[in-house]
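Everything below concerns the one structure shown next.
Taken together, the values in this text are just the output of simple stated rules run on the coordinates, not laboratory data. This one's a predicted model, so the numbers in the text were calculated from it and none came from an experiment. Quick reminder, even Gly has a Cβ in these numbers, built from the backbone with ideal geometry, and neighbours come from all protein chains shown.
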Amino acid sequence: MAETTYLEAIRQAMFEEMDRDPSVVLIGEDVGVYGGAFKASEGLVARYGWERVIDTPISESAIVGAAIGMSYAGLRPIAEMQFIDFIACAFEMVTNFAAKSHYRWGAPVPMVLRGPSGGGVHGGPFHSANPEMYFVHTPGLKVVCPATAHDAKGLLKSAIRDNNPVLFFEHKFLYRRIKEELPVDDFTVPIGKAAVRREGRDLTIVSYAAMVHASLEAAVQLAGEGIEAEVIDLRTLLPLDRETILRSVRKTNKLLVVHEDTRTGGIAGEIAAIVTEDAFEELDGPIRRVTSLDTPVPYAPGLEEYFLPSAGKVVAAARELAHY
Amino acid sequence: MASTLTPKQHLELYYFMRLNRELEEQMVRLFRQNKIVGGLYPSLGQEAISVGTAYALAPGDWIAPMIRNIGALLVRGFKPRDVVTQHMARYTSPTQGKDGTSHFGDLKSRHVVSPTSMLGDLIPVMTGIAMAGRYLGQKIVTMTWIGDGGTSTGVFHEGLNLAAVQKAPFLLIVENNQWAYSTPVEKQSALRDLADRAKAYGIKSVIVDGNDIVAVERTTREAAAYARAGNGPVLIEAKTMRMLGHAQHDAAEYVPKAMLEAWKQRDPLDRFEKLLTEKKLWDAKTKKEIDERIASEIRADVEFAENSPLPPPASAEEGVYCEGCHTIEADWQRPKEQVMPPRSSVKAEWPLKSYAANGAGPRGTEHAAPKTKPGKKPERAAVRIRAKAGR
């Protein structure tokens, strides 16, 4: 059976959900005729027509605003940001309007806001961002960051069927670099559940999105040195699967958090707080972080490589922690 | 087009305008008694706009009132108790104390969307509802209000431009009350008429005397018919004056006294009462009956609010997410098959016309959503931007 890329998995999820439910529509810049900047929506307009696949002006606030309105009318819109960096232009609509809607006046916003995030493709300061933590800090949103093609498809389907605004961060580095065989039948992956990608006894590496792959690569290397790392893929940042993290830390007694987001205010800080609050006695060493630097994402390949975490940096940190 | 309002409708308009004014005056009293939890944003002098515009729409249409549009909420069937309990942060309020002022709505039955404090947001939101309504085969229009100051926001531009290119059945009421908090309109915009903003979007606009409820109602009704027929959005500039401060705490000493005096002569309620009398649409007895009805409704509802409990503190934790408490259901007024493959399928290329007209390159895309019938292939393109599409 043919393998499916991460990108194709996302495209399949949209096709299948639009086939299943006429209330699902797609709105964004160049999503229709062009099929999206990364071709995630290629073929959608041909199959579902102009009314369901809507090309908009370059107006991120209006895209998100219109999607909110559509959800009020009972639709399940998918709004695309051409690059997730541009979500900054729609920050108000996401954080004040959509996120607070159900809490304030009981109006659910069943909207998905998806787009390519992340670095490693030399996109520079405005096409490489990992802005997830702005939104993890916003009650009322759900934040999903899949690391595999299977999860990308299953989580996107869950996001579309969810009654809340779900931010779906697709890692563009993974779009065409990873593929796997997917189930033929309809499947979903639940939002809010982490996955243990590799079992180990010596330390826990918690990560998400592209850095799951760097962590797994590091784990293989570490195993060669006799260090067995357990690798957890968060899959969802909000709501965070605290139980899976705590269960693993209680087993390995050591925690390393790896993320591509910048260091200060990244999810690692929150996870460290949770673990010290709830499993302090279980820790046999300090909680360590491997993250990007606290700078904008630089453009030159050498600079970006220096900026980003890598398997090598994870190995170095894990080795030190294991011997603590 | 002349007003088609019946005598009974005239009296209804009076009822809502008077109710709007009396209710706000009562809330000022409650404010002075320290019973209003947050701010109080008066609409004195602007009642004709809230009431007249909302009254002109059909029950299935959607509205999103702004903070000074309590009159529109009343027209839509909300009661004084909803407004008072909201301001007093009672558990019986529409938001159960989660939000205050006129920040509430009702998606299911009244089709009222709650505002946020950030101005302009409602424009793309109501455009989205208008687009969804058209998609679902409903014959609705949507409407929201914005002040003169709100027209300076970025999302005003983005939203109205989207409404324009989508030819959305959407009405925007620009309530030009001359003041954005303490800043006069000439510091918001260099335009003499804010209606001229519509020109930049290629949409229709109308200017109306916002203190003449008959004109406001008629103008809005005509605009709604125009938008409902698929002609695109309409911007209505209703010229008026904010007769009090931005909110209860603001004495508005920055407003020239002569300006206030001049506008006092144009009070919308006084003018409408005069008209009712001149046209012999009521007599003193009718007026007294309506006024007494309003007084007793407000009295009962304030009593209800004062006797209502405050929200239990732990309820602060509830309701952040919809976990199955709501069902998402669209009101389909057309067969769903029309939007499902293969009937919905189209060729993925732009049906552009008049390419290079005036030497200006491609212009005049023909497939504005309302015109494209599902299942019908768009006209053959003169230019082929992208031919390849398909799974």
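A few points about this structure:
- Cut-off under 5 Å, modelled amide H: who pairs with A:LEU26 long-range: A:VAL53, A:ILE54, A:ILE78
- Mean Cβ neighbour count within 10 Å, used as a protection proxy, ranking A:215-228, B:45-58, B:241-254 highest first: B:45-58, A:215-228, B:241-254
- Rg/Rh for segment A:195-322 stands at 0.95; both radii use Cα atoms, and Rh follows the Kirkwood definition.
- Among beta bridges from DSSP that stay inside the protein assembly as shown, the antiparallel ones total about 20%.
- A straight line joining the Cα centroids of segment A:258-324 and segment A:114-154 runs 17 Å.
- Annotation: lysines with alpha-carbon distance below 25 angstrom to B:LYS287 (same-chain offsets under eight excluded): B:LYS8, B:LYS79, B:LYS264, B:LYS274, B:LYS279.
- Mean-position separation - Cα centroids, segment B:84-142 and segment B:149-182, in angstrom: 17
- Highest-fluctuation residue, A:LEU234, A:LEU255, A:LEU283 considered, GNM on chain A with Cα pairs under 10 Å: A:LEU283
- In sequence order, calculated HN-Hα J values of segment A:206-216 (Karplus, 6.51, -1.76, 1.60; Hz; x Gly/Pro): 9, 8, 7, 6, 4, 6, 4, 6, 5, 5, 5
- Neighbour-count order for B:THR127, B:THR153, A:THR291, A:THR264, fewest beta carbons within 10 angstrom listed first: A:THR264, B:THR153, A:THR291, B:THR127
- For chain B, the longest principal axis of the C-alpha atoms and the axis of helix B:122-135 are separated by about 50°.
- Within 10 Å of each Cβ in A:16-29, the average number of Cβ atoms from other chains: 3
- Rounded to 10°, Cα long-axis angle of helix A:242-252 versus longest principal axis of chain A: 20
- A:ARG198 long-range amide H proximity, modeled H, under 5 Å: A:VAL231
- Debye-sum result for chain B in log10 I(q)/I(0), which assumes one identical scatterer on each alpha carbon, at q = 0.06, 0.09, 0.12, 0.14 Å⁻¹: -0.27, -0.60, -0.99, -1.27
- Using C-alpha pairs below 8 Å separated by at least 6 residues, the relative contact order for chain B is 19 percent.
- For the protein assembly as shown, adding -39500 (n - 2.57) for each run of n ≥ 4 DSSP H residues and dividing by the number of residues yields -10500 deg cm²/dmol at 222 nm.
- Over the protein assembly as shown, the ratio between the Cα radius of gyration and 2.2 N^0.38 Å evaluates to 1.06.
- B:GLU261-B:CYS325 pseudo-label distance in nm [points 7 Å out on the Cα-to-Cβ vector]: 5.4
- Distances between placed amide hydrogens fall under 5 Å for A:ILE287 paired with no residue 5 or more residues away or on another chain.
- To the nearest ten degrees, helix B:284-306 and the longest principal axis of the Cα atoms of chain B are 90 degrees apart.
- Rounded to the nearest 20, the size of the Cβ-charge dipole of the protein assembly as shown about its Cα centre is 2400 debye, with Lys and Arg at +1 and Asp and Glu at -1.
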